[in-house]
Structures are given as C-alpha cells and as structure tokens.
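Okay, so here's the structure we're looking at.
The values are calculated or read from the model by the stated rules, or taken from the named source; none is laboratory data. This is a predicted model, so every value here is computed, not measured. Here the Cβ positions follow ideal geometry from the backbone for every residue, glycine too, while neighbour counts run over all protein chains shown. Ligands, DNA and RNA are excluded from the accessible area calculation, which covers all protein heavy atoms including side chains. Shrake-Rupley method; radii C 1.70, N 1.55, O 1.52, S 1.80 Å.
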Amino acid sequence: MKPELGLSGAARTRDRLDLSPRFTEHDALRLNRMFRGSSTQEMLESVIRDRLAGDLAVVSSFGAESAVLLHLVASVDPTVPVLFLDTGKHFAETLAYRDLLAARLDLNLVVLTPDPEDLAKRDETGLRWSYDPDGCCEIRKVRPLEQALAGYDASFTGRKAFQAATRANLPRFELDTSDAQGRLKINPLIDWSADDINAWFEAHDLPRHPLIAQGYPSIGCSPCTSQVAEGEDPRSGRWKGWDKTECGIHKPGEEPFL
C-alpha cells in the first residue's frame, strides 16, 4: 500500500510492509506545484506543522549561511532535529559557531560522527583528504549521514541556486537519489539570492560565521576549504585543485522536478 503525503513516519513504517517507496517523483512534482508562488515561510509552516513530508530533519554544516535556514525552521518548530556531521576535520571556529547558534535558537542538535572502525581501517593517519578527498568524505560524511537519515522521511538542506552552477536548477522538493526507499530532499532557500540571505541576517540580528570576514564564503572541513577571491564562485574554495564540487551528500547530477 502506497502511503499518502502527510502520513506520519511511524504510520508509514507500520503500513509499508511491501517496502514500497515513501515518496515518488510524482509526489515531489506535486509538492513543487502545490507551493508554487508560496513564500518560504508559508511552505515551511505547512510542511512541518501539517506533516506533509512525514518525519523531518535539518542537515546543517553550520557554515557561512546556515543560520538563516536554522532560524526559519526553529521559528516554526524548534524540536525538529538538526543533524550535524562532526567529521573531526572542522575549523575550531565552526564548532564554536555551532554551539553559539544551537544555544541562541534553542536547536534540537544531533551530532553525528564517523564510525571508529571505518576510520581505523581506511584513514588511520587522518590524511586521506590529501590524496582521496572522495574517500574521506565517504567515511566522514556520507556513511554517517545515510545511517542517520534512515530514520526520517525527508531532510531540509541549505542549498541555494546562486552558490554554484551545479545547484542552479534545483527545485524545492526532490527525491534523494541516495535512498532507495523514496526519501525527500527539501531545499527551502533554493530561490533565495545573496541579498535575501544578508537581509535575513540583518533583520533578525543573526550572528555570522567568524571565518566569513577572513574570505571564506563557503566553509567545510579545514583541510579542503580555501579562501575565495572577490568575484569568484562562492564554492570555488572547496576542494581547490580537485575535480570535485560536492562532498557526496548532494550529487551534482541529480535531475530537477519542475
């Protein structure tokens, strides 16, 4: 039996005895059409309060612009889990910023860590990032997040179209291609501009990540994040010198549903 939109995750687990997908491409398309013309705030209130996407979590890196999405979601329901991948390679400033925002917004913070056995077997020296960044991301980000998201029906991301060409045509709602059971990926800020982001920071007096002022408009793990020159793509400082644009959590080849 295929579940309807809005069915709770617990009910969906009980009823999905045939292992049919939680959601399909049709569901993603229907949600995109349902909220066409709606503001981000209106969409979030409906999706969270009416449980249109089941059990939800926010995936946040606590990077340069993360405070905006976290503030928007917490304004609707601060109990929504916020999943943070502590890779063991973050800037100290990011960890301090995470703790500051979690306290300021009263977030339901859930810290995810890599499997110690995986690290011991595949990155004993801690230097895998220097010769195999994809493998490093797989161990420290992709696997822990996949395991955590198995308990949710949908996740919010902070991706925005202006950040990179690979994100330019993403919709608000899409299927998570890494999940065979039809989990949704929701991009509430996909159509926000840099000016929109800055205006929200100012209007709500949100603290900025301390590394922004040092030339880091996009912030990931410290070994793989470089400063960006004025006028460059905001994500050009990520994995500089490598043919790599995403950590593996988001795949650049995902097809949008318009």
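Can you tell me the length gained on complete extension of the stretch Asp86 to Ala150, counting 0.36 nm per residue apart and subtracting the Cα distance?
Numbers: separation 64, 0.36 × 64 = 23.04 nm, distance 1.82 nm.
This chain segment gains 21.2 nm when fully extended.
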- request: Distance between Cα centroids, the stretch 175-235 to the stretch 112-134: provide it in whole Å.
  value: 25 Å
query: Which parts of the stretch 185-205 would a label at Leu100 reach, counting a residue when its backbone N lies under 20 Å from a point 7 Å out along Cα-to-Cβ?
result: 197-205
- prompt: Under 14 Å from the 7 Å Cα→Cβ point of Gln181, by amide nitrogen: which residues of the stretch 128-156?
  reply: 146-155
query: Over the heavy atoms of Tyr131, what accessible area does a 1.4 Å probe trace out, to the nearest 10 Å²?
result: 130 Å²
message: As an exercise, identify the GluC sites (Glu not before Pro) in the stretch 122-204 lying in DSSP coil whose Cβ has no more than 13 other Cβ atoms within 10 Å.
response: Glu124
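If R₀ is 30 angstrom, what is the calculated FRET efficiency for the pair Ser39 and Arg143, using the beta carbon separation as r and rounding to 0.05?
Computed FRET efficiency for Ser39 and Arg143 comes out at 0.25.
Loop only by DSSP, 12 or fewer other Cβ within 10 Å of the Cβ. Give me the trypsin sites (Lys or Arg not before Pro) in the stretch 14-101 that pass, ordered by residue number. Each step should come with its number before you reach the end.
Values: sites: Arg14, Arg16, Arg22, Arg30, Arg33, Arg36, Arg49, Arg51, Lys89, Arg98; in loops: Arg16, Arg22, Arg36, Arg51, Lys89.
When the trypsin sites (Lys or Arg not before Pro) of the stretch 14-101 are filtered for loop state and at most 12 Cβ neighbours within 10 Å, Arg36 remain.
Rounded to the nearest 5, what is the percent of antiparallel bridges among the DSSP beta bridges in the stretch 25-210? All intermediate terms of the calculation are to be shown ahead of the outcome.
Working: 3 of 16 bridges.
Bridges in the stretch 25-210 are about 20 percent antiparallel.
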message: For the stretch 17-79, place one equal point scatterer on every Cα, skip the solvent, and apply the Debye formula. What is log10 of I(q)/I(0) at q = 0.25, 0.26 Å⁻¹?
response: -1.17, -1.20
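Taking 0.36 nm per intervening residue step and subtracting the Cα-Cα distance, what contour gain separates Ala229 from Asp50 on full extension?
Details: separation 179, 0.36 × 179 = 64.44 nm, distance 4.34 nm.
In short, 60.1 nm is gained.
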task: Tell me the label-point distance for the pair Val110, Ser130, using the 7 Å Cα-to-Cβ offset, in nm and rounded to one decimal.
output: 3.5 nm
